[in-house]
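Please read the structure below before turning to the comments.
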Amino acid sequence: MKSCLLVIDAQESFRHRPYFDPRDFGVYVQAQNALIAGCLARDIPVVRILHVDGPAVASNPFALASGHVRPLPELLPFEPAAQFQKHRHSALVGTGLDVWLVEHGVQRLIVSGIRTEQCCETTTRHASDLGYAVDFVLDATLSFDMQLPSGAPLRVRDIKDRTAAVLKDRFARICSVEDALEEHADALATA
C-alpha cells in the first residue's frame, strides 16, 4: 500500500498568533523532523500543505502578504513531493491534493502538523471518509490551550487525548513516530 506523509500547516504563521505557546513547540518539532527524516529515508513522499486564510493584509499572519505563510524554520529542510495551499480546515478541500494522491496511487496517509484538533483531525476524518487508510501521528502534531464555553481551560494534553479517542479505530490508527515508521518499514519489507 503506497503511503504519503502530509505535513499540515507547519508554518511560521502560528508563532504570530496570540495563543502561540512555545512550551510544547520543541518536542513537536523534534517529532515532526524525525517523521520527515524517516519518511524520506524510506522513499515515502512528503507533501507540504500551508494554510492561507482571512483578510489579505500584512497584519494577518495567515495572509500571503504577511510573509509568514512559509515553513517553520526549525523544520528539517526537504523538497516536498508536492505543495498545496488550503483555505479550509481539510487539506482535501479545494487544493488539488485529492487529485495528486490518486495520480500517484497513494492509499495510506500519514498525518502530522498543526493543529491537532483542527486541520489535522479534519483532514484525517475527510481522508477516512474518502477511503484512505490513515496513520494519525499524535506526537508529530501541535496544538495550543483553549477555553471551554464555560470559561474553564482546555489544556493541550486533554485536546490531544480527546482527538486520539474520537479518531482511534474509526477514522485512523493513532500512532507515534516510531510506530508509523516501523509500520511502513514492515510494509516495504513485505512488498
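Laboratory data are not the source of any read-out in this text; all were calculated from the coordinates shown. Remember, it's a predicted structure, so these values are computed and weren't measured experimentally. Don't worry about glycine lacking a Cβ; one is built from the backbone with ideal geometry, like all the others, and counts go over all protein chains shown.
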- Note on the structure: For the range 3-190, the charge dipole (Cβ of Lys, Arg +1; Cβ of Asp, Glu -1; about the Cα centre) points to a positive end, and the Cα of Ser128, Leu142, Ala82 closest to that extreme belongs to Leu142
- Report the FRET efficiency, 1/(1 + (r/R0)^6), for Arg23 and Phe78, where r is their Cβ-Cβ distance and R0 is 30 Å, rounded to 0.05. 0.70
- Would you mind computing, in nm to one decimal, how far apart the modelled labels at Arg162 and Asp53 are, each placed 7 Å from Cα along Cα→Cβ? 1.6
- Message: How many angstrom lie between the Cα centre of the range 1-26 and the Cα centre of the range 91-106?
- Response: 21
- Which whole-number percentage describes the relative contact order of the chain, with Cα contacts under 8 Å and a sequence gap of 6 or more? 24
- Message: Going 7 Å from the Cα of Arg88 along its beta-carbon direction, which residues of the range 102-141 have the amide nitrogen within less than 17 Å of the resulting point?
- Response: 102, 118-132
- Message: Taking only complete DSSP H runs, can you tell me which helices of the chain stretch 18 Å or more along their own long axis by Cα positions and average at least -1.0 on the Kyte-Doolittle scale?
- Response: 25-41, 177-190
- Task: Report the charge-dipole magnitude of the chain in Debye, nearest 20, computed about the Cα centre from +1 at each Lys and Arg Cβ and -1 at each Asp and Glu Cβ.
- Result: 420
- Helix-derived mean residue ellipticity, 222 nm - over the chain, DSSP H n ≥ 4, -39500 (n - 2.57), to 500: -9500 deg cm²/dmol
- Message: Taking Cα extents along the principal axes in Å straight from the coordinates, which label in (i) 68, 37, 29; (ii) 46, 39, 28; (iii) 49, 35, 29 is the correct one?
- Response: (iii)
